[in-house]
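One structure is given here, and the rest of the page talks about it.
The values are calculated or read from the model by the stated rules, or taken from the named source; none is laboratory data. Source: prediction; values computed, not measured. Quick reminder, even Gly has a Cβ in these numbers, built from the backbone with ideal geometry, and neighbours come from all protein chains shown.
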Amino acid sequence: MRRWIVLIVLWIVVGVPVALLLEFLGVPLPFGIAWILVFAAALLIAQQNFLDESGPWPPPPPDQLQRGSDVSRLAWAVDTRTGIVGMSLRRRVLALADRRLREHGLTIDGADADAVDAILGPGAHAALSAKELRVPALERLLRALESAPVPATRERA
């Protein structure tokens, strides 16, 4: 606030003699005052910082957008010859299972097998933590995720 007061007083102290000098040289007083105000506004605008420098430097590279739809990518996510589920579909199923487990206060990585199997059905923890997800395990997981969720157990203090 103090800075603005100093700037205004400085402009008045400098502007009045300049306006009087311009009037002495034959420029009408309102015209001279108007040009002094335009010059002051231009200087105030020039002091503004137009670049956002608050983020990290250098900025992160832009995300690569995948072309095509999710349906076409997920359609080819299961290898019919071996029965192994592809990574894109596996990530989707893991995200759904993790969301269901978080409703009960658990995570896929931190929960024990019995708790995960109690919520998502028998063999769910083994299927989620296995190196390769196969079609029968995927079908069991999807059935468990589509069914009504098991009510969350709440401990009473």
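Scanning region 45-72 for residues that are assigned to a helix (DSSP H, G or I) and modelled with pLDDT under 80 returns ASP70, VAL71, SER72.
With the requirement that a residue be in contact (Cβ under 8 Å) with a residue 12 or more places away in the chain, under 27 Å from the mean Cα position of the chain (by Cα) and either closer than 23 Å to SER147 by Cβ or outside the structural domain of ARG134 (by TED's automatic domain parsing) (or both), what does region 74-99 give you? LEU74, LEU89, ARG90, ARG92, VAL93, LEU94, LEU96, ALA97, listed by residue number.
Any chance region 26-34 includes a residue that's among the small types (Gly, Ala, Ser), closer than 30 Å to LEU141 by Cβ and not in a helix (DSSP H, G or I)? No, that holds for no residue. The conditions of being among the basic types (Lys, Arg), in the same structural domain as MET87 (by TED's automatic domain parsing) and either over 19 Å from ILE84 (Cβ atoms) or buried (at least 17 other Cβ atoms within 10 Å of the Cβ) (or both) are met by ARG102. With respect to being surrounded by 10 or more Cβ atoms within 10 Å (Cβ to Cβ) and not small (Gly, Ala, Ser), VAL18 fits the description.
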